[in-house]
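Here is the structure we will look at.
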Amino acid sequence: MDVIAAQALVKEFKTPWGAAARTVRAVAALDLAVPKGRIFGLLGPNGSGKTTTILMILGLLRPTAGRVSVLGVPAGHPEARRFTGYLPEETRLYEFLTGEETLDFVGRLFGMKRADRKRRTAELLERTGMWDARKRTLATYSKGMARRIGLAQALLSKPQLVVLDEPTSGLDPVGNREVRDLLRDVAAGGTTILLTSHILGDVAEVCDRIAILHAGRKVLEGDVKTLLARTDRLAWETDVLGDDERAGLVAYLREHSISFEGPSAPRTTLERLFFETLESDAGHGGGVST
Ligand SMILES: Nc1ncnc2c1ncn2[C@@H]1O[C@H](COP(=O)(O)OP(=O)(O)OP(=O)(O)O)[C@@H](O)[C@H]1O
Ligand SMILES: [Mg+2]
């Protein structure tokens, strides 16, 4: 049984502006099947229907047509809600509560016992890098910090399904990596994750499978490994070659009609450079410049 199963899902919005009244088809005939324990990414440009799809899966929006079930029951069913964690696109929490109080409050809503709440709150404050800021009110949090607390609240009750609308938006690269590690651990524990993101690198690294939406339609779906693999090219990296070695290699490739590009020096990623710089600066606490 798939944890999320949507068939021919449609959502239309009517904009009631007199003569200019029109219908926006936000989601068009969408089929979706997300098996247990997978991390599934919904991608697509702004306005392509990602949030609308999520809201229908959560039972917060009624589909115009089609069906969607979650954990074997219709979307929005109390059984589905009880076992689902959700991080909305915009985190709106109670600003006067501290991070710690927020998680405790969410734990109460889920009917978690006190000891359980305390343990889980501490664990998630730690995992989301919010332990040091736990006694500060949400009003004082930066965007990324609010996002981290939002993620912690979505995971607090150990849900079977976690739905995250742009979990890494506003996060710095360190936070980004922490969140990706956390999501991978959560999925390894058997939890199913549906997320949206604009940051394609994140998605490629954390998702097992993706679907790309465009104007409400699914235009591509597949396993990330398969989608990104190129079977028509091979890449090699070698030590720097001397002139003769290089000429010999090129001559061989030409002789055998093997097409090639390069050689070129491999580039590091900006992400790797960022981490290396931070690591080498650890303990200095100063600014970084070159
Ligand atoms: N409540 C609403 N009333 C009218 N139109 C809406 C409503 N909600 C969404 N839409 C429209 O539906 C389409 C899909 O919106 P949606 O928020 O699902 O996109 P998205 O893929 O999440 O975009 P983003 O990347 O910007 O978050 C857009 O054209 C949007 O204007
Ligand atoms: Mg959205």
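The values are calculated or read from the model by the stated rules, or taken from the named source; none is laboratory data. Computed from a prediction, not measured in an experiment: that's the story for all the values here. Cβ coordinates were reconstructed from backbone atoms using ideal geometry, including for glycine residues, and neighbour counts include every protein chain displayed.
Take the residues of the range 34-51 that are part of a loop (DSSP other than H, G, I, E, B) and either near ligand 1 (Cβ under 7 Å from one of its atoms) or in contact with a Gly (Cβ under 9 Å, 6 or more places away or on another chain) (or both): which is farthest from T168 (Cα to Cα)? Result: K36.
Restricted to the range 44-80, and to residues there that are of a type in the set (G, A, S) and touching a helix residue (DSSP H, G or I) at 6+ places or on another chain (Cβ under 6 Å), the residue that is surrounded by the most Cβ atoms within 10 Å (Cβ to Cβ) is A75.
Give the residues of the range 110-133 that are hydrophobic (A, V, I, L, M, F, W, C), without any contact (Cβ under 8 Å) to a residue 12 or more places away in the chain and in a loop (DSSP other than H, G, I, E, B), sorted by residue number. Spell out the reasoning first.
The first filter runs over the range 110-133 and keeps only residues hydrophobic (A, V, I, L, M, F, W, C), leaving 110, 112, 115, 122, 124-125, 130-131, 133.
The next check asks that each one be without any contact (Cβ under 8 Å) to a residue 12 or more places away in the chain; those that pass are 115, 122, 131.
Listed by number, the list holds a single entry, W131.
Considering the range 183-219, and only residues there that are more than 15 Å from ligand 1 (Cβ to nearest atom) and of a type in the set (A, V, I, L, M), the residue that is modelled with the lowest pLDDT turns out to be A204.
The set of residues from the range 95-109 being within 26 Å of the chain's Cα centre (by Cα) and either in a helix (DSSP H, G or I) or within 10 Å of Q153 (Cβ to Cβ) (or both) comprises G99, E100, E101, T102, L103, D104, F105, V106, G107, L109. Scanning the range 87-96 finds one or more residues that are without any contact (Cβ under 8 Å) to a residue 60 or more places away in the chain, under 26 Å from F13 (Cβ atoms) and touching a Lys or Arg at 6+ places or on another chain (Cβ under 7 Å). When the range 5-33 is limited to residues that are under 25 Å from the mean Cα position of the chain (by Cα) and away from ligand 1 (no atom under 16 Å from the Cβ), the one that is surrounded by the most Cβ atoms within 10 Å (Cβ to Cβ) turns out to be A5.
What number of residues in the range 52-89 are in a helix (DSSP H, G or I), touching a Pro at 6+ places or on another chain (Cβ under 8 Å) and within 16 Å of ligand 1 (Cβ to nearest atom)? Steps first, answer last, please.
Initial filter on the range 52-89 (in a helix (DSSP H, G or I)): 52-57, 78-82.
From what's left, touching a Pro at 6+ places or on another chain (Cβ under 8 Å): 56, 80.
Narrowing further to those that are within 16 Å of ligand 1 (Cβ to nearest atom): 56.
Counting residues in the range 52-89 that are in a helix (DSSP H, G or I), touching a Pro at 6+ places or on another chain (Cβ under 8 Å) and within 16 Å of ligand 1 (Cβ to nearest atom) gives 1.
Regarding the range 253-276, can at least one residue be identified that is assigned to a helix (DSSP H, G or I), farther than 30 Å from T23 by Cα, hydrophobic (A, V, I, L, M, F, W, C) and in contact with a Pro (Cβ under 8 Å, 6 or more places away or on another chain)? Yes: one or more hits. Contact map, the range 183-196: residues that are within 20 Å of G129 (Cα to Cα) paired with residues that are within 16 Å of ligand 2 (Cβ to nearest atom) and among the acidic types (D, E), Cβ distance under 6 Å, separation 6+ or inter-chain. No pairs are found.
Yes or no: the range 193-203 includes at least one residue that is within 16 Å of ligand 2 (Cβ to nearest atom), within 25 Å of L60 (Cβ to Cβ) and assigned to a helix (DSSP H, G or I).
First, the residues of the range 193-203 that are within 16 Å of ligand 2 (Cβ to nearest atom): 194-200, 202-203.
From what is left, the residues that are within 25 Å of L60 (Cβ to Cβ) are 194-199, 202-203.
Filter once more, keeping what is assigned to a helix (DSSP H, G or I): 202-203.
Yes.
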